[in-house]
Every structure is written in C-alpha cells, then in structure tokens.
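> Mind having a look at this structure? Questions to follow.
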Amino acid sequence: MTTTDTRIPVDIGKVLVDPAAYADHRLHDTYRWLRANNPLGVAEIEGFDPFWVVTRHADLQEVGRQNELFPYGNRSSTMVDQFGDARVREIMGGSPQLLRTLVHMDAPDHPKYRALTQGWFMPASLRKLEDKIRGIARAAVDRLAGMGGRCDFVADFALGYPLHVVMEILGVPEQDEPRMLKLTQEIFGPQDPDTARAALSDPGAFVLSMMAVVEDFSAYFGAISADRRANPRDDLASVIANAQVDGEPISDQAAMSYYIIVATAGHDTTSSSTAGGMWALCENPDQWAKLKADPSLIPTFVDEAIRWTTPVKHFMRSAAADTELAGRKIAQGDWLMLCYASGNRDEAVFENPYSFQVDRKPNKHIAFGYGAHLCLGQHLAKMEMRILFEELLPRLKSVAFDGEPTMSQSWFVNGPKKLPLRFELA
Ligand code: HEM
C-alpha cells in the first residue's frame, strides 16, 4: 500500500487514533500539518490496519461523490483497532459492524432503506413540526432563564433540547429520555472515561459493553415497534415499524437499526454544534455583538457553528477497486479515514478557516458528509438550532465563561463536554 513518500510520520498518525487528542489543540495542529505536507497519506500504526488519511475538502468530496468506488465494503464504518475489529467479527459471524443501519449499508440496500424516511426529513415535511419545536425550545430557554445566571450550558441546556425533539419525532415518552441520552453517549462517546461502560484499555470488555448497549436499545425499541404495528400513529416510529422494502415488511432487526440510527445520530451531534456555537460566541465577543445586533444572521451563524464544531470527526470507507485519488494509487480493499473536521478548516476553501464568523457566506462545509450518505437529518438539525437561538438570543444580555470549558474524548463524535457560563438576562 505504501511508498515512503505516502507514509505519514508515526507520531502524527498516532494523534488520529488518540481519543484524548480530539479534546485539545493536537487534532487541528495535526490536520493542518497533513493538509500542508501530506494531504492524502497512509498511517501505519501498531495495532491498527493501515489507513489512508483524507484531509482536503476536495478529496473528501471526491470520495463521497464516488460512493460505488468507495463504499463501506467489508470494513468497519468507523475507526477500530485490530483487536476490536477481530472481536466484532467473531461475535457478528464475520461482519465488521455491530449494527446494520443506514450508515453501514451500501447500494443496492442503502437507497431503498434511505427512501423509507427521506420524505420525513425534507424541509417541506419538517415545516409542520416548527411550532412544536419552538415550544420545546421556549421551555428550554425558560428553564435556563430560571437558573440564576449560571449554568453548565452543555448539561443544563444543549443536551436535553435536541434529545427531546428527536424523541418527540420518534414518539418516545418523555420519562424515557434520560435512558436514551445515556445509551447514545455510550454508543457515540465510548472512549470518554466519563461515559464509557468499560475501559478502553480492556478491549475485550469494551466490545462486549458496546454489544450490551445495542441490546438495551433493541429491547427498548422492540416494544415501541410492536406498539406501532398494532396501533400506527402519525410519527416516525410508525413509518419505520410498518415499512416495506421490495414489497416485504422490513425485518425486526432492520427496524431496530433504523430506530437506533435516528435516535443516536439525531441529538449528540446537534447538541455538540449548539454548545460549540455558544463556546465560539463567548470566545469572540465581536461576533456575539454582531449576532445580537442582527438576528437575521442566525442561519449563517448556525452553519458556522456546525462547521466550527464538526461533531462527526470521521467516517471510514474502503476502495472497491484499484484506483487513483489526488495522484495516489489506492488499491482495492484499502481503508480510508474521511477527516471531515480537517476539510472544514481547509485553507483552499475557507477564507481565514480558523476564525469564527457568524456571517460566513458561502460556507461549503462538509460537516454533514457528502454524496449518497449525506446526513438525512441535516435540515432538521439546522432548523432546531435556528429556532433555539431565535428564542435564546433575545433573552440574553451578556454571556461569558464561568470556568474552563472542556471537550469530550472521542475520535468519532465529539464536542463540548462542559461549558460553564455566567449570563445576564435581557
Ligand atoms: C448521516 C453529521 C444531525 C440522522 C450523517 C453523516 C454525517 C452526519 C457526517 C454522514 C456519514 C457518512 O459520511 O457516512 C451530522 C451532524 C448533525 C447531524 C453534524 C448535527 C449538526 C442529524 C439529525 C438526524 C441525523 C438531527 C436525524 C434526526 C442521520 C442519518 C444518517 C446521517 C439517519 C445516515 C444517512 C445515510 O447513511 O444515508 N450525519 N448529523 N443527523 N445522519 Fe446526521
């Protein structure tokens, strides 16, 4: 796979598989170095299969655009070490995935399963949810306003709101939301010592703990699915429970995977972008003032907050055939890490990529991916954030850090973990 000029120095490559590096400056320092010196190189790190590291916006788009040439194939859709990969394959009868959701499927199944709910997530259909979402946002802002001028913006605000929205859409009762939140954090942030069920240093226990999380989810949604088959309602859970592919009802396992992907993909990402946007506003008082003075900038601010945070740090793909990308020879079966967060700081696409600009336009970020797997929930995520900040900003006179903010440690989905704020109400 490699010649010396394609190989990434080991110390640089190691950063990409160190969850702790995703919580500090090392990640973006590494991406910047890679874009400048080896934008499409191979990381060879002990304990991991070699993988290509795609860091430039144009190359990320190219891979996304050619989904048949760069499918998931018989490879894990997210980074995994050799031990973890072997354990999953052992448990799953050779498959590298613990689940088979949309983000693990290739054509011909992927477009069929995606089509089942695509209409639900289109702006025209989401419009009917606007009032409901605004009500949820208003209640969240009221709770924040009652906190006496101090909060942890993540725990007290950003986490609960998108969770509530997505659970409302799925039809999950409010009292079950804390359980859903915990399971999602265990699935998406399994490397962070504060949310993991088992230590990363014990890979065997780690894989089993991930299986247990999936089982918990399945037990929960099994009951919802049975209910919606017997009593269909006007919610997404009923669409999934009664869905058909090729004229046949989808299997219980397929329905379960669908619930899990919507339940999980839909809120940690949105809450991370919400908190990431607020963090950036506190760090950039001029941008806060600009946004306060002109609320019509909220939509461009929302896109900038998503670019800035890029909560989904990567997905993996494999090459279905020998090919060439950006002058590199990629062999069939090679594994590629799509570094979306690097593409979103690419100097070739973004003017002053390291500055946070609430009025950035155009903003061709790829935080939602690109091509066939482009985020199904992107319009919902942006609508949720827009409504939230439309409700929040007029209520706040000032806002500032009230202690050190921290990021969660995960090489997959991460964002602010703690964001202590002081604020004055308007
Ligand atoms: C896929 C990011 C919010 C549901 C994706 C992918 C990314 C992403 C990068 C593509 C993965 C790939 O390249 O394979 C985000 C971000 C969000 C967000 C940054 C918030 C700011 C949501 C919401 C929902 C959602 C609110 C639904 C309620 C999905 C689903 C897929 C997906 C179902 C799989 C699509 C497919 O494979 O066809 N998301 N997402 N996401 N997202 Fe999102």
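The values are calculated or read from the model by the stated rules, or taken from the named source; none is laboratory data. Since the model is a prediction, treat every value here as computed from it, not as a measurement. We place every Cβ from the backbone using ideal geometry, glycine too, and count neighbours over all the protein chains shown. To get the accessible areas, we keep the full protein, side chains included, count just its heavy atoms, and leave off ligands, DNA and RNA. Shrake-Rupley method; radii C 1.70, N 1.55, O 1.52, S 1.80 Å.
> How about the stretch 287-313: which of its residues are among the aliphatic types (A, V, I, L, M) and within 16 Å of the ligand (Cβ to nearest atom)?
ILE298, VAL302, ALA305, ILE306, VAL312
> Sticking with this structure for a sec: So, VAL88, is that one β-branched (Val, Ile, Thr) and within 25 Å of PRO249 (Cα to Cα) or not?
So VAL88 does not fit the description; no.
> I've got another one for you. Can you give me the number of residues within the stretch 1-54 that are over 20 Å from GLY415 (Cβ atoms), polar (S, T, N, Q) and either outside any loop (DSSP other than H, G, I, E, B) or open to solvent by 30 Å² or more (accessible area, probe 1.4 Å) (or both)?
Summing the residues that are over 20 Å from GLY415 (Cβ atoms), polar (S, T, N, Q) and either outside any loop (DSSP other than H, G, I, E, B) or open to solvent by 30 Å² or more (accessible area, probe 1.4 Å) (or both) in the stretch 1-54 gives 4.
> Does the stretch 55-97 hold any residues that are among the basic types (Lys, Arg), at pLDDT 90 or above and surrounded by 14 or more Cβ atoms within 10 Å (Cβ to Cβ), and which are they?
We begin by selecting, within the stretch 55-97, every residue among the basic types (Lys, Arg); these are 56, 65, 75, 87, 89.
From the residues that got through so far, the ones that are at pLDDT 90 or above too are 56, 65, 75, 89.
Within the stretch 55-97, ARG56, ARG75, ARG89 qualify.
Yes/no per residue for (1) more than 16 Å from the ligand (Cβ to nearest atom); (2) under 18 Å from THR274 (Cα atoms); (3) open to solvent by 40 Å² or more (accessible area, probe 1.4 Å):
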site: LYS364; (1), (2), (3): no, no, yes
site: ALA367; (1), (2), (3): no, yes, no
site: HIS373; (1), (2), (3): no, no, no
site: LEU376; (1), (2), (3): no, no, no
site: LEU388; (1), (2), (3): no, yes, no
site: LEU393; (1), (2), (3): yes, yes, no
site: GLN409; (1), (2), (3): yes, yes, yes
site: PHE423; (1), (2), (3): yes, yes, no
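> Continuing with the same structure: Would you confirm whether or not the stretch 140-152 contains a residue that is more than 16 Å from the ligand (Cβ to nearest atom), at pLDDT below 90 and of a type in the set (Gly, Ala, Ser)?
Looking for residues that are more than 16 Å from the ligand (Cβ to nearest atom), at pLDDT below 90 and of a type in the set (Gly, Ala, Ser), one finds none in the stretch 140-152, hence no.
> Sticking with this structure for a sec: Being without any contact (Cβ under 8 Å) to a residue 24 or more places away in the chain and under 21 Å from the mean Cα position of the chain (by Cα) is the filter here; which residues of the stretch 30-61 pass it?
THR30, the sole residue that qualifies.
> Here's a follow-up. For the condition over 23 Å from the mean Cα position of the chain (by Cα) and either open to solvent by 20 Å² or more (accessible area, probe 1.4 Å) or closer than 23 Å to GLY64 by Cβ (or both), what is the one hit in ARG114, ARG100, ARG143?
Unique residue meeting the criteria: ARG143.
> Here's a follow-up. Filter the stretch 314-327 down to residues that are surrounded by 19 or more Cβ atoms within 10 Å (Cβ to Cβ) and over 13 Å from GLU62 (Cα atoms) and give me whichever is farthest from the ligand (Cβ to nearest atom).
By that ranking, first place goes to SER318.
> Restricting to the stretch 239-273, name every residue that is near the ligand (Cβ under 9 Å from one of its atoms), outside any helix (DSSP H, G or I) and not small (Gly, Ala, Ser). Walk me through it before giving the result.
Of the stretch 239-273, the ones near the ligand (Cβ under 9 Å from one of its atoms) are 258, 261-273.
Keeping just the survivors that are outside any helix (DSSP H, G or I) gives 266-267.
Passing the criteria: only HIS267.
> Looking at (1) under 30 Å from ASP49 (Cβ atoms); (2) in contact (Cβ under 8 Å) with a residue 24 or more places away in the chain; (3) of a type outside the set (Gly, Ala, Ser), find the lone condition where LEU392 falls short.
Every condition holds for LEU392 apart from (1).
> When you check TYR113 against the structure, is it in a helix (DSSP H, G or I), within 16 Å of the ligand (Cβ to nearest atom) and modelled with pLDDT of 95 or more, yes or no? Write out each step before concluding.
Numbers: in a helix (DSSP H, G or I): yes; within 16 Å of the ligand (Cβ to nearest atom): yes; modelled with pLDDT of 95 or more: yes.
So TYR113 fits the description; yes.
> Out of the stretch 218-248, which residues are of a type in the set (A, V, I, L, M) and touching a residue at least 24 places away in the same chain (Cβ under 8 Å)?
Hits for the stretch 218-248 are ILE224, LEU236, ALA237, VAL239, ILE240, ALA243, VAL245.
> Here is a check on your reading of the model: is SER273 open to solvent by less than 30 Å² (accessible area, probe 1.4 Å), among the small types (Gly, Ala, Ser) and in contact with a Ser or Thr (Cβ under 6 Å, 6 or more places away or on another chain)?
yes
> Could you list, in sequence order, all residues of the stretch 63-110 that are in a loop (DSSP other than H, G, I, E, B), among the polar types (S, T, N, Q) and either under 21 Å from VAL53 (Cβ atoms) or more than 16 Å from the ligand (Cβ to nearest atom) (or both)?
GLN66, ASN67, ASN74, SER76, SER77, THR78, SER95
> Here's a follow-up. Does ALA243 qualify as being modelled with pLDDT of 95 or more and either touching a helix residue (DSSP H, G or I) at 6+ places or on another chain (Cβ under 6 Å) or open to solvent by less than 70 Å² (accessible area, probe 1.4 Å) (or both)?
Values: modelled with pLDDT of 95 or more: yes; either touching a helix residue (DSSP H, G or I) at 6+ places or on another chain (Cβ under 6 Å) or open to solvent by less than 70 Å² (accessible area, probe 1.4 Å) (or both): yes.
The answer is yes for ALA243.
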